[in-house]
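Okay, so here's the structure we're looking at.
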Amino acid sequence: MRKAALLMLTALSLAGCNEPSKQEAEPARVPLVETLDSQADQALAPALEDWRLALEAFTSGADDQTLATLIEQWRALYRTTNQFWLVLATRACGRDQVASLERVDDWPLYPAYVDATPSWPESGIVNDQALPIRRDTLLEQHRMAAPGEVSLGFQPLWLLLHNSDGSPRAASEFDTGSPITQRRHDYVRVAGTLLMDDLAPLQDANGVSATELSCGLKLLDRRLRQARRWAADSKGETAEGDRMVPGESLAIVHETLPDAALAQLNGDDLAPLRAALEKQKQGFKKALQQASESGQWAPISNWLNNDQAGPRDFPE
């Protein structure tokens with residue numbers, strides 16, 4: 001009898017060891033009420049609504065006023081997206097939407113892939129009348145054969161709305177009375193709608209885990225590295241037919257990041273996640289402190305990439 005009792009206790013003990021704890025099975029999710037989630041939604045929702053209204057007004061009747069308003073709302077939405085890029089990237093990681101986020105702002109790109117340029121006056125999707133301007137075809141054309149073949153997101157829209165010198169196009173270039181200008185008009189409508197569709201799944205706060213935040217940091221790091229490399233390589237110049245990034249876009253990225261992300265990472269609500277990141281990989285708190293004091297992203301980039309060298313290895 002005593003032996004049977006001992007065997008029973010042993011079996012129960014082993015069963016308890018084999019059963020995973022709830023803490024191990026599901027990573028803790030932290031609601032970011034004031035700092036990230038709430039502020040991001042409060043900024044992104046109205047910016048998307050303003051873009052939707054401007055796009056509807058423009059496609060219903062393109063004139064100088066509706067064109068100017070659409071460009072203004074492009075600028076506002078792009079600035080808001082960059083301001084909360086860390087939030088969007090973190091959500092994308094947790095919601096399996098990384099591809100959608102990358103499509104939102106894919107660059108550098110070939111301008112002649114989108115529309116005609118002075119050196120390629122009949123090039124681009126706009127001038128390829130055999131290609132219907134539809135949701136499915138524009139999705140198919142995105143990165144069809146090379147990374148620079150970008151058909152969707154903020155940057156093709158900027159190209160469609162501006163001349164090669166950066167000035168706004170004339171409203172007549174979106175006239176629905178001729179084939180090419182009709183196609184340009186339709187391209188703005190479809191690409192502008194798809195931009196909203198790609199951002200929509202990244203709305204609405206539901207908290208994040210430390211693993212998702214770490215993934216978001218890596219996406220942001222890649223964005224900042226690309227922005228700095230491009231600025232250093234291009235020296236502000238763009239050759240016709242080559243890949244490019246609109247200067248206005250790069251200016252907004254540099255004006256907004258990494259300052260916005262650093263401020264968000266230092267928010268009081270992120271204290272549990274900061275501790276979790278430090279536990280996952282030692283050195284995060286020190287890197288964040290160095291980055292915040294210097295205003296440079298380099299310490300966090302080095303922490304993410306296991307680079308123990310100094311900030312000089314990541315040009316600001």
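The values are calculated or read from the model by the stated rules, or taken from the named source; none is laboratory data. All values derive from a computational prediction rather than experimental measurement. Backbone-built Cβ (ideal geometry, glycine too); neighbour counts: all protein chains shown. These accessible areas exclude ligands, DNA and RNA; they are computed on the full protein's heavy atoms, side chains included. Shrake-Rupley method; radii C 1.70, N 1.55, O 1.52, S 1.80 Å.
Any residue in the range 95-108 that's within 18 Å of Thr193 (Cβ to Cβ): show its pairings with residues that are open to solvent by 10 Å² or more (accessible area, probe 1.4 Å) and part of a helix (DSSP H, G or I) at Cβ separation under 6 Å, as long as the two are six or more apart or on different chains.
Going by the 6 Å Cβ cut-off, the qualifying pairs are Gln97/Pro201; Ser100/Asp198; Arg103/Asp198; Val104/Asp198.
Which of the residues spanning the range 166-201 are in a helix (DSSP H, G or I) and open to solvent by 40 Å² or more (accessible area, probe 1.4 Å)?
Passing the criteria: Ser172, Glu173, Pro179, Ile180, Gln182, Arg189, Thr193, Asp197, Ala200, Pro201.
Looking at Leu157, Leu139, Leu161, can you tell me which residue is under 18 Å from Asp198 (Cα atoms), open to solvent by less than 40 Å² (accessible area, probe 1.4 Å), touching a helix residue (DSSP H, G or I) at 6+ places or on another chain (Cβ under 8 Å) and among the aliphatic types (A, V, I, L, M)?
Residue meeting the stated conditions: Leu157.
In the range 44-70, what count of residues is obtained for those that are buried (at least 19 other Cβ atoms within 10 Å of the Cβ), under 16 Å from Ser172 (Cβ atoms) and of a type outside the set (S, T, N, Q)?
Qualifying residue count, the range 44-70: 4.
Within the set of pairs 6+ apart or on separate chains, which have a first residue in the range 243-263 that is more than 21 Å from Thr90 (Cα to Cα), a second that is assigned to a loop (DSSP other than H, G, I, E, B) and open to solvent by less than 10 Å² (accessible area, probe 1.4 Å), and C-beta atoms under 6 Å apart?
Close Cβ pairs satisfying both conditions: Arg243/Gly148; Val245/Trp107.
Return yes or no: is Ala309 in a loop (DSSP other than H, G, I, E, B), among the hydrophobic types (A, V, I, L, M, F, W, C) and either surrounded by 13 or more Cβ atoms within 10 Å (Cβ to Cβ) or modelled with pLDDT under 90 (or both)?
For Ala309, the condition - in a loop (DSSP other than H, G, I, E, B), among the hydrophobic types (A, V, I, L, M, F, W, C) and either surrounded by 13 or more Cβ atoms within 10 Å (Cβ to Cβ) or modelled with pLDDT under 90 (or both) - is met.
Can you go through Asp41, Asp37 and tell me which one is in contact with an Asp or Glu (Cβ under 7 Å, 6 or more places away or on another chain), surrounded by 12 or more Cβ atoms within 10 Å (Cβ to Cβ), under 30 Å from Asp204 (Cα atoms) and at pLDDT below 95?
Checking each option against the conditions leaves just Asp41.
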